[in-house]
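I have placed the structure first, in the form of structure tokens, so that the comments after it can refer back to it.
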Amino acid sequence: MLSLFRWLARRPLWFLHAIGAALGWITYWASPSYRRRFRENARQAGVSPAEARPAIASAGRMVAEAPFLWMRPAGQPIGPQLNWQGRELIESALRAGRGVVLLTPHMGSFEVTAQAIAQDLAAAHGPITVLYRPARKAALREVMDQSRARPGVATAPATLAGVRQMMRALRRGEAVGLLPDQVPPDGMGVWVPFFGKPAYTMTLAARLVQQTGALPLLIWGERLAGGAGYTVRVSELGETLPTMDAAQADAGPPQRDLTPRATQGPFVAHGGGRREAAASGHPQAESAAIINRAMERLIRQCPQQYLWGYNRYKQPRSAEK
């Protein structure tokens, strides 16, 4: 597999994206469960079939561009294929010695966002630490381990040790990045609305901010047409996360919020107001709901590049020991 990835990494981006578009449509028509989930998730978000349809090819492009992003020579920049919008938000916080928590949904090229920061900001402000979940298959895990360790990028596994690594990076005034719409293991999240439907949502993203005083920012990598490259877009969170004292931060998610109610209960459609969770208004539940709303706003900017086939509403699998 490494040999194939190295061969693909030398192909032009437009070629990889053309292959990826075909791969996306083949996957869509070959998998009834994927196709059904894609349609249901888009409909839940109020996205029309016409708006969501380009995301089928976009999902394939995300896979096909991985060799270019992961396996190109360490000294080879993304170069003229990279544009920025809002970069000054990151730079001003890092210059002030304040850590930055960068949040991106499963949209566009989330791989390129970390590499853009590594390329353009790491020399002056230190590496970006990104949270990742190791692949289950050994062959793919080997590819990921060898390719993601690029200059200016530090990887943190989705374990307690990885969380501590991210905390240390933030306290040094560096940047960290994660996908807050990734379903966490059981016991590591709360049930709050995502496009009006209960979704098990990680509490880690907000806790990194609340425990270190870091600045939360939104970021996503727009994939440009015709293999023209990417535009990395950075914006503010838009809402203020509630404060949390040390006891609340160490206590973990509120357990009474972990069971969703299928038809009645605390969850309302995203347009119906700011009532989210549960019973008590626990800061972690409130924070997770704020971050979900921020992800919704980003996704509405470009539903054509969101991974609607991602199983966002699944029950979390049990936490590993």
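The values are calculated or read from the model by the stated rules, or taken from the named source; none is laboratory data. What you see is a predicted model, and the numbers here were worked out from it, not measured in a lab. Because the Cβ atoms are built from the backbone with ideal geometry, glycine has one as well, and the counts that use them run over all protein chains shown.
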Test each condition in (1) hydrophobic (A, V, I, L, M, F, W, C); (2) closer than 28 Å to TYR28 by Cβ; (3) surrounded by 15 or more Cβ atoms within 10 Å (Cβ to Cβ) for VAL63 and report the one that comes out false.
(3)
Could you check segment 23-41 and list, in sequence order, the residues that are surrounded by 14 or more Cβ atoms within 10 Å (Cβ to Cβ) and either closer than 23 Å to MET71 by Cβ or among the small types (Gly, Ala, Ser) (or both)?
LEU23, GLY24, THR27
When segment 153-168 is checked residue by residue, the ones that are hydrophobic (A, V, I, L, M, F, W, C) and surrounded by fewer than 23 Cβ atoms within 10 Å (Cβ to Cβ) are VAL153, ALA154, ALA156, ALA158, LEU160, ALA161, VAL163, MET167
It is to be established whether one or more residues within segment 31-54 are among the β-branched types (Val, Ile, Thr) and within 30 Å of ARG6 (Cβ to Cβ).
no
Mind telling me which of the residues LEU204, LEU160, LEU218 ends up being of a type outside the set (S, T, N, Q), farther than 20 Å from ALA116 by Cα and in contact with a strand residue (DSSP E or B) (Cβ under 9 Å, 6 or more places away or on another chain)?
LEU204
Between SER235, SER280, which is at pLDDT 95 or above, outside any helix (DSSP H, G or I) and either surrounded by 12 or more Cβ atoms within 10 Å (Cβ to Cβ) or not hydrophobic (A, V, I, L, M, F, W, C) (or both)?
SER235
Restricting segment 73-94 to residues that are touching a helix residue (DSSP H, G or I) at 6+ places or on another chain (Cβ under 9 Å) and not in a helix (DSSP H, G or I), the one surrounded by the fewest Cβ atoms within 10 Å (Cβ to Cβ) turns out to be PRO73
Considering only segment 229-244, how many residues are more than 19 Å from the chain's Cα centre (by Cα) and small (Gly, Ala, Ser)?
1
Lone unmet requirement of (1) assigned to a helix (DSSP H, G or I); (2) under 26 Å from LEU170 (Cβ atoms) for PRO67
(2)
Assuming GLY97 fulfils every condition listed in (1) out of contact with any helix residue (DSSP H, G or I) (no Cβ under 9 Å at 6 or more places or on another chain); (2) surrounded by 15 or more Cβ atoms within 10 Å (Cβ to Cβ); (3) closer than 19 Å to ALA214 by Cβ apart from one, which condition is it?
(2)
